[in-house]
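For reference, the structure discussed in these notes is given below.
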Amino acid sequence: MSTDDVEMKPVDENSKEKDTKDSKGTDKDKKGKDKKEEPAPPPPTPAQEIKTNVALIEKGVSMLEPRFTHRVLRSLTSLRKKLDDKVLREAIEDVYGVKDSPVKKSLLSYLPDPPPAPPESHTSMDIDSSALSGTAPQSQTQFQSQQQNKPATPLFDPLPESEVYLRLLLIYHLLAAPETRSTTFKLAHETVEKIQAWNRRSMDTLAARIWFTLGRAYELVGDLEGVRPLLLTAQKTASLRRDDECQAVLINLLLRNYLHYNLYDQADKLVAKTIFPTSAGNPQLARYHYYLGRIKAVQLNYSDAHTNLQQAIRRAPPPKTAPGFFQAVNKFFVVVELLMGDIPERGLFRHPVLQSALAGYFEIVKAVRTGSLAQFQETLKEYQAQFTADKTHTLIVRLRQNVIKTGVRRLSLSYSRISLRDICVKLHLDSEEDAEYIVGKAIRDGVIEGRVIHEKGWLECAGAKSGYGPDVAEAYQRRIGFCLTLHNESVKAMRYPLNAHRKELADAEGAREREKELAKEIQDGDLDGDDGMGDF
C-alpha cells in the first residue's frame, strides 16, 4: 500500500503579517463602531448645576481655597438666565434633603406653592410604555445605575456659605420680576443680617455679591438715598476687617449713589478719604475708573478724566457681554475727548454695539469739527432728552466754546480782514460785543493770530507765515540741540567689553616687531630680489 508524500511548504511571513493586520483592523473598526454607538451624556440640568456649585463652595470652605467660590460665581451670569420657581425649588430640596429643616422652610417660603399634582385614575389599565415604543424594558444594571445616580439625602445641613449662595440665586430670580421686588427687600436685608451675625471670612466673596444685589434692588425701586447709611456703615466695617472684595463693591455702590443725585463734591471726598483695593477684580476696577472719570470731567480735569475712562474701557468685559457699560463709558469718553480739543476716530462710531447708541454724539462731533454753531444747536435740541438721560448734557453744553473757536479759526484762515458784524452773522452770535470778546479770547489763547481794531470794527488776521524768521530759527535750534543731546547720551550709554583695548595693543606691538625684523633682514641682505624667481 503506497502512500503519497505530502509536500510541506514554508509559511510566508508576509501573509502572517497581513492576517494579523486584518484582524487588528477589524478589532479597531468594531471598537470605533462601539464608540460611535455610545450616546453623548446629556447636559446637566440647572438644578444639578446648583447642587454641583454648592459642593464646590463647601469644598473651598473645607480646604480654605477661595478659588472654588470664585469659580462658582463666574458661572453665575449664565445660570441666572435658567432660573425659575421650579428649578430653585428642586435645587433647595436636593441640597437640604427630604427632612424639614427651618432653613429649608425659610428659603421655600419665598417661592410660590407648586401646582397640585393631577389625580391618578384607577380605572385605566397599566400599559407597558416600552412595548408601545418598541424598545426593550430596562435591564437590572441600568436600574441600579439610575438608583446610584440619585442624590443621596444629606445627613447634616449644608454650611452657611451654601445657604448664602442659594439666597443669592433667590434674590436674582426675584429681582427679574417687578411684582416680587417687595419680597426682595425682605430677603436681602435678612441675608445681610445673617452674614453680619455669622462673621465668617470664607463668605466675603458671596457677601460682596449680596451687597451688590441689595443696592440694585434699591436702585430699581428708586430709593437709593435710603440705602446710603447702611452702605456707609458696611464700608467702614469692611475697611477695618480688610475685606477687599466687599470694600471694592461698597465704594462703587456709594459712588454710584452720589453721582445719581449729582453729589459730585461728596463723591470726590469719598475718593480722597478711601483707598480702593488694588486686588479687586477687573469689573470693579472698571466701574471705579468710570466713576472717577465722570467726577474729573465735571471738575474740568479733562486729562485725568480721559485717562480714567480709557482704563475703564480696557478693563471692561467684552462689548457683547456687557453692552450697557461699554456704551456708557464711550459716551463720556467721546465728550471728554472733544473737550480736550481732539476729534474721536470715525471707526469708534461704526462699532456694532455703539453705532445706534452714539448716533447723537456723532452729530455733535461733526458740528464741532466743522465749527457750525447752528448745526450744534440743532443737534443739542434734537437729542436733549438722550443727553439728559446719559448725564452728559452739562458737558456737551461746554462744547459751545469749542465750536465757536473752530469757526473763528476757519474764518481767520479764509479772510485777511473781516468785520465783527460778519463774524456775528456767520457764527450765529447774539451781538458784535460777544463776537469781539470771543475773538479777543481766541487771540489771547493762541487759537488765531491777528488783532482787533475796535474803532473800525473789524479783525485783521495775520497772513501765512513764511519759511524764515526768528521763530523758525529758534525751532531749528531746539531740534538741533535735541539731536546733539541724544547723540551724546547714546555715546555715554554705549558699553564696551572689558580689556578689549589690550588685545588691540598686543596686535599692534606684534605688527611693529614683524616690521622691524623685515627691515633688518632687508638691510643685512638676507632677502634678495631674485630669491623668489627659482631656477629661472
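Residues in segment 79-101 that are exposed (fewer than 11 other Cβ atoms within 10 Å of the Cβ) and at pLDDT 85 or above: 1 in all. Hey, does segment 287-306 have a residue that's over 25 Å from Glu337 (Cα atoms) and either loosely packed, with under 15 Cβ neighbours inside 10 Å or of a type in the set (A, V, I, L, M, F, W, C) (or both)? No, the conditions are met nowhere in segment 287-306.
Every condition in (1) outside any helix (DSSP H, G or I); (2) in contact (Cβ under 8 Å) with a residue 12 or more places away in the chain is met by Ile275 except one, and the failing one is (2). Considering segment 91-115, the residues that are closer than 18 Å to Leu174 by Cβ and small (Gly, Ala, Ser) include one that is nearest to the chain's Cα centre (by Cα), namely Ala91. Within segment 211-227, work out how many residues are of a type in the set (Asp, Glu) and either over 15 Å from Ser182 (Cα atoms) or loosely packed, with under 13 Cβ neighbours inside 10 Å (or both). Summing the residues that are of a type in the set (Asp, Glu) and either over 15 Å from Ser182 (Cα atoms) or loosely packed, with under 13 Cβ neighbours inside 10 Å (or both) in segment 211-227 gives 2.
Which one of these is open to solvent by less than 80 Å² (accessible area, probe 1.4 Å), under 28 Å from Glu58 (Cβ atoms), outside any helix (DSSP H, G or I) and modelled with pLDDT of 70 or more: Pro151, Pro114? Reasoning before the result, please.
Details: Pro151 fails: modelled with pLDDT of 70 or more.
None of the others qualify; the one that does is Pro114.
When every residue of segment 267-284 is checked against the conditions, at least one turns out to be under 25 Å from Leu354 (Cβ atoms) and crowded, with 19+ Cβ neighbours inside 10 Å. Within the span defined as segment 282-303, every residue fails to be assigned to a helix (DSSP H, G or I), under 29 Å from Ile210 (Cα atoms), in contact with a Gly (Cβ under 9 Å, 6 or more places away or on another chain) and in contact (Cβ under 8 Å) with a residue 40 or more places away in the chain. When the residues of segment 218-270 are filtered to those that are closer than 28 Å to His70 by Cβ and not in a helix (DSSP H, G or I), the one that is nearest to the chain's Cα centre (by Cα) is Asp243. Kindly indicate whether any position in segment 407-415 is more than 26 Å from Ile448 (Cβ to Cβ) and aromatic (Phe, Trp, Tyr). Within segment 407-415 (the criterion being more than 26 Å from Ile448 (Cβ to Cβ) and aromatic (Phe, Trp, Tyr)), the answer is no, since none of the residues qualifies. Listed by position, the helices (runs of 4 or more DSSP H) contained in segment 333-394 that have at least 2 residues being without any contact (Cβ under 8 Å) to a residue 40 or more places away in the chain and open to solvent by less than 30 Å² (accessible area, probe 1.4 Å) are 359-370, 373-382. Under the condition of being touching a residue at least 24 places away in the same chain (Cβ under 8 Å) and in contact with a strand residue (DSSP E or B) (Cβ under 6 Å, 6 or more places away or on another chain), which residue from segment 429-451 is least open to solvent (accessible area, probe 1.4 Å)? Looking at the filtered set, the residue picked out is Val439.
Return yes when Ala359 is at pLDDT below 85 and of a type outside the set (Asp, Glu) and no when it is not. Spelling it out, it is not the case that Ala359 is at pLDDT below 85 and of a type outside the set (Asp, Glu).
The values are calculated or read from the model by the stated rules, or taken from the named source; none is laboratory data. Nothing here was measured: the structure is a model prediction, and the numbers come from that model. Positions of Cβ are backbone-derived with ideal geometry, glycine not excepted, and every protein chain shown enters the neighbour counts. Note: areas computed on protein heavy atoms with side chains; ligands, DNA, RNA excluded. Shrake-Rupley method; radii C 1.70, N 1.55, O 1.52, S 1.80 Å.
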